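Take a look at the structure set out below.
The values are calculated or read from the model by the stated rules, or taken from the named source; none is laboratory data. Since this is a predicted model, take the numbers as computed values, not measurements. For neighbour counting, all protein chains shown are included, and Cβ atoms are generated from backbone atoms with ideal geometry for every residue, glycine included.
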C-alpha cells in the first residue's frame, strides 16, 4: 500500500475512535445523570481541531484532491463537496467549543439541561457529519486515486504526507502532542480509558437537580 493511503486510513481510524469515544462518554454520563470531566472533553476537541481539522484536511485538499481533478463530472462533484466539508470544519469546531464552554459554565445551574442538550446535539451532528465524510473519502476518493495516479505522483504524495502525521495514529509517540494523548487516556473512565471507572467516580459525584430531565 502506498504510504499516503496508509497514513490517511490510519488517521481516519484514530479520529473515528476519538469521536466514538466522545459519543460513548457523553451517553454514559447522561445515563448516570452526572457531569463529565470537562478538561478531558476540551482535550479531545483540541485534538480534533489541532490535527484533523488543520493538518489532515489541508493535506487532502491541497495535495491529494488536485491530482484527482479532471476525472469526470462525478469525481468533480464529490471532490467539491469534500473540499466544502473541509472548509466548514473549522466553523463547526468553534461552535462545539462554544457549546462545551456553555455546558461547563452553566451545567450545574437551572440552565444545565438546556446547555447539555445543545452541546450533545451539536456533538452528535458533528460526529455523524465527520463519519460520513470519511466514508466518502475511503469508498470513493482513495479507490479513485489507486486507479488513476502515476508512480511519480504517488512518490510526491508519499513524501509530503510523511511530513505531517497524526500523533495519535501510532505516530510520533514522544512528540509534542504526547501530553494531550496522555491526558485523555489517563482521565477517561475505564473501560474507555485508564481512569477510575464510572462506578468508582459515582460515589464522589454530586448530582445536581438541574440535570434531572423532566
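If I ask for residues that are part of a helix (DSSP H, G or I) and surrounded by fewer than 19 Cβ atoms within 10 Å (Cβ to Cβ), which ones from the stretch 29-42 would you list?
The first filter runs over the stretch 29-42 and keeps only residues part of a helix (DSSP H, G or I), leaving 29-32, 38-42.
Correct list: 30, 31, 32, 38, 39, 42.
Among the residues of the stretch 38-50, write down those that are farther than 12 Å from residue 100 by Cβ and at pLDDT 85 or above.
The initial filter retains those residues of the stretch 38-50 that are farther than 12 Å from residue 100 by Cβ, namely 47, 50.
Selection gives 47 alone.
Determine whether residue 53 is surrounded by 14 or more Cβ atoms within 10 Å (Cβ to Cβ), under 15 Å from the mean Cα position of the chain (by Cα) and modelled with pLDDT under 95. Give the derivation first.
Numbers: surrounded by 14 or more Cβ atoms within 10 Å (Cβ to Cβ): yes; under 15 Å from the mean Cα position of the chain (by Cα): yes; modelled with pLDDT under 95: yes.
In short, yes.
Name the residues in the stretch 4-24 that are surrounded by 15 or more Cβ atoms within 10 Å (Cβ to Cβ) and more than 14 Å from the chain's Cα centre (by Cα), would you?
4, 5, 7
What are the pairs with Cβ atoms under 7 angstrom where one residue, in the stretch 14-39, is at positive phi and the other, located anywhere, is surrounded by 14 or more Cβ atoms within 10 Å (Cβ to Cβ)? Sequence gap at least six, or different chains.
The qualifying pairs are 33/211.
Can you give me the number of residues within the stretch 164-195 that are farther than 16 Å from residue 52 by Cα and either at pLDDT 80 or above or outside any loop (DSSP other than H, G, I, E, B) (or both)?
The number of residues fulfilling the criteria is 13.
Of all residues in the stretch 98-123, which are exposed (fewer than 14 other Cβ atoms within 10 Å of the Cβ) and within 29 Å of residue 13 (Cβ to Cβ)?
98, 121
Among (1) farther than 27 Å from residue 107 by Cβ; (2) under 11 Å from the mean Cα position of the chain (by Cα), there is one condition residue 44 misses while meeting the rest; what is its number?
The single condition residue 44 does not satisfy is (1).
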